[in-house]
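Just so you know, all these numbers are worked out from the coordinates, no wet-lab data involved. A quick note: this is a predicted structure, and the numbers were derived from the prediction, not measured. Neighbour counts run over all protein chains shown; Cβ positions are idealised from the backbone, glycine included.
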Amino acid sequence: MRIEVSRNGVRVAIITFRTMPEKFDSDYERVKFFKELHGWKQTVPRNGKKYLYHRNGILDEVPHIKIADSAFMVAVQNMKRVMDYFDEWSEKVECDMFQVMMNDRKKLEQLMKEE
């Protein structure tokens, strides 16, 4: 990814996080954090068939661009919802947010969808 300094871009937030495994009560609780953030697939067997459901997480509801496993980008106007989620987990997850300007129109359209 190339970063340029420009005054013509749109403000976006890059959010990075790191879990502190020793602070979670159990592996179940840590998995719960990730499921609530990213969503998950649930398989329900019934009458000899399997039904697959997708359960939404915060990032299913907020347009974002994944940068790495623990880093993603959101439009500044959408970051409050994400930061509120991280505030709920602040004792167990470290989170940093950086505001930058973005000029890539294709990626901006991806961040601005569903507003």
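Each row is one residue, and each column tells you yes or no for (1) assigned to a strand (DSSP E or B); (2) in contact with a Lys or Arg (Cβ under 7 Å, 6 or more places away or on another chain); (3) among the acidic types (Asp, Glu).
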{"position": "VAL12", "(1), (2), (3)": "yes, no, no"}
{"position": "ARG18", "(1), (2), (3)": "yes, no, no"}
{"position": "TYR28", "(1), (2), (3)": "no, no, no"}
{"position": "LYS35", "(1), (2), (3)": "no, no, no"}
{"position": "THR43", "(1), (2), (3)": "yes, yes, no"}
{"position": "LEU52", "(1), (2), (3)": "yes, yes, no"}
{"position": "PHE72", "(1), (2), (3)": "yes, yes, no"}
{"position": "LYS107", "(1), (2), (3)": "no, no, no"}
{"position": "LEU111", "(1), (2), (3)": "no, no, no"}
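(1) touching a residue at least 24 places away in the same chain (Cβ under 8 Å); (2) over 30 Å from GLY9 (Cα atoms); (3) touching a Phe, Trp or Tyr at 6+ places or on another chain (Cβ under 7 Å): which one isn't true of GLU94, the others all being true?
(2)
Would you call ASP84 surrounded by 14 or more Cβ atoms within 10 Å (Cβ to Cβ) and out of contact with any Pro (no Cβ under 8 Å at 6 or more places or on another chain)?
So ASP84 fails the test.
Give me the residue from the stretch 32-68 that is touching a Phe, Trp or Tyr at 6+ places or on another chain (Cβ under 8 Å) and among the polar types (S, T, N, Q) and, out of that set, nearest to ASP104 (Cα to Cα).
GLN42
Considering the stretch 6-60 alone, what residues qualify as being under 21 Å from ASN78 (Cβ atoms), acidic (Asp, Glu) and either exposed (fewer than 13 other Cβ atoms within 10 Å of the Cβ) or without any contact (Cβ under 8 Å) to a residue 40 or more places away in the chain (or both)?
Residue satisfying the conditions is ASP60 alone.
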